[in-house]
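Beneath this line is the structure, given in structure tokens, with notes to follow.
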Amino acid sequence: MDKIKKIINKKKKSKIVCLTAYSKNIAEEVDKHVDIVLVGDSLGSVLYNYSSTKKVTLTEMINHSKSVRMGIKKSLMVVDMPFKTYSTKSLALKNSKKILKETKCDAVKLEGGKRVIEQIKFLIKNKIPVMGHIGLLPQSTKKFKSKGKTNSEIKNLISDAMLLQESGVFAIVLECVKSEIAKLITQKLNIPTIGIGSSVYCDGQVLVTDDLIGLNHTNIKFVKRFSNVKKYINVGIRKYASDVRKKKYPTKKYSY
Ligand code: KIV
């Protein structure tokens with residue numbers, strides 16, 4: 001069975017685990033534990049301190065994805081299409097083909113529902129697997145607040161989710177969607193929902209790896225820090241610096 005079918009089949013059976021990776025070394029560790037590795041354009045803020053993911057370029061996404069590809073053995077690899085690389089059908093096809101060809105990823109992710117539905121249908125018609133993304137859309141929002149509070153937001157979220165499913169996406173990320181609405185959408189769809197800040201009712205979860213391992217500091221409500229790798233990094237670096245200063249390193253063993 002292909003990797004995408006496996007993900008769809010997990011719906012109602014077992015949770016789908018998804019995490020981001022921006023480089024080979026992190027991808028190698030993430031791949032051991034997840035179903036989907038996402039090269040998210042969140043790398044713009046996490047690695048480059050960009051004020052918005054709008055600044056992330058196609059070249060940056062491709063270069064990071066090439067590195068990530070080397071670290072993945074089993075998981076499905078999805079790459080975010082950056083802002084303005086899918087504003088028209090032809091641009092979306094040209095750029096998604098480039099991403100797939102150069103990075104050897106399995107699928108691309110686009111932000112939006114109705115607004116980008118023609119592009120998504122066109123990609124799927126051309127055999128490009130697509131993951132959807134609705135709710136809070138970092139590429140087009142200035143205000144980072146939850147979605148699904150007003151009647152019109154709820155109506156739009158549900159109709160976007162249904163439209164995306166009809167267009168043939170294999171899963172949909174729900175970002176910062178109110179719990180009850182995420183639950184409703186998850187129940188209505190035959191394809192999986194992957195939540196981020198959208199409750200346990202989603203079929204799967206995604207987080208930015210750097211956030212959950214404590215490599216990147218953030219105060220976002222939905223981020224739980226599961227470990228503190230900075231502590232371990234510091235142990236090694238402090239010891240190295242001290243050994244160099246005390247002339248304990250390099251000994252003969254480490255010298256030619
Ligand atoms: O850019 C990203 O990392 C994402 C997820 C966190 C959903 O889109």
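Please treat every number below as a calculation from the coordinates, not as lab data. Owing to the predicted nature of the structure, the values given are computational and were not obtained by experimental measurement. Counting neighbours? That spans all protein chains shown, and the Cβs are built from the backbone with ideal geometry, glycine included.
Structure values in brief
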| quantity | calculated |
| --- | --- |
| For segment 30-53 versus segment 187-256, the gap between their alpha-carbon centres in whole angstrom | 12 |
| Residue among Lys188, Lys12, Lys231 with the largest mean-square fluctuation in a Gaussian network model of the chain, springs linking Cα atoms under 10 Å | Lys231 |
| Phi-based couplings in Hz for segment 79-91 (Karplus 6.51, -1.76, 1.60; Gly and Pro marked x) | 10, 5, 7, x, 3, 6, 9, 9, 6, 10, 4, 5, 5 |
| Relative contact order (%) - the chain, alpha-carbon pairs under 8 angstrom, separation at least six | 16 |
| Residue with peak Gaussian network fluctuation, the chain [Cα springs, cutoff 10 Å], from Ile72, Ile233, Ile158 | Ile233 |
| Global geometry of segment 157-228, whether rounded, prolate or oblate, following the gyration tensor of its Cα atoms and the 1.5 cut on a/c | prolate |
| Percent breakdown of C-alpha pair distances by 5 Å bin, ordered from the shortest bin, for the chain | 1, 6, 13, 17, 19, 16, 11, 5, 3, 3, 3, 2, 1, 0, 0 |
| Cβ-defined net charge surrounding Arg225, 14 Å radius [Lys, Arg +1; Asp, Glu -1] | +2 |
| Relative packing of 37-45, 216-224, which averages over residues the other C-beta atoms within 10 Å, highest first | 37-45, 216-224 |
| Charge sum, other residues only, whose C-beta stays under 12 Å from Thr186's C-beta, Lys/Arg counted +1 and Asp/Glu -1 | +3 |
| Selected from Arg245, Arg115, Arg69 as most flexible by GNM, with the chain as the system and alpha-carbon contacts under 10 Å | Arg245 |
| Cα-based shape type of segment 114-256, given that a ≥ b ≥ c are square roots of the gyration tensor eigenvalues and the cut on a/c is 1.5 | prolate |
| 18 Å Cα-Cα reach of Lys12 towards lysines, excluding residues that sit fewer than 8 places from it in its own chain | Lys3, Lys183, Lys188 |
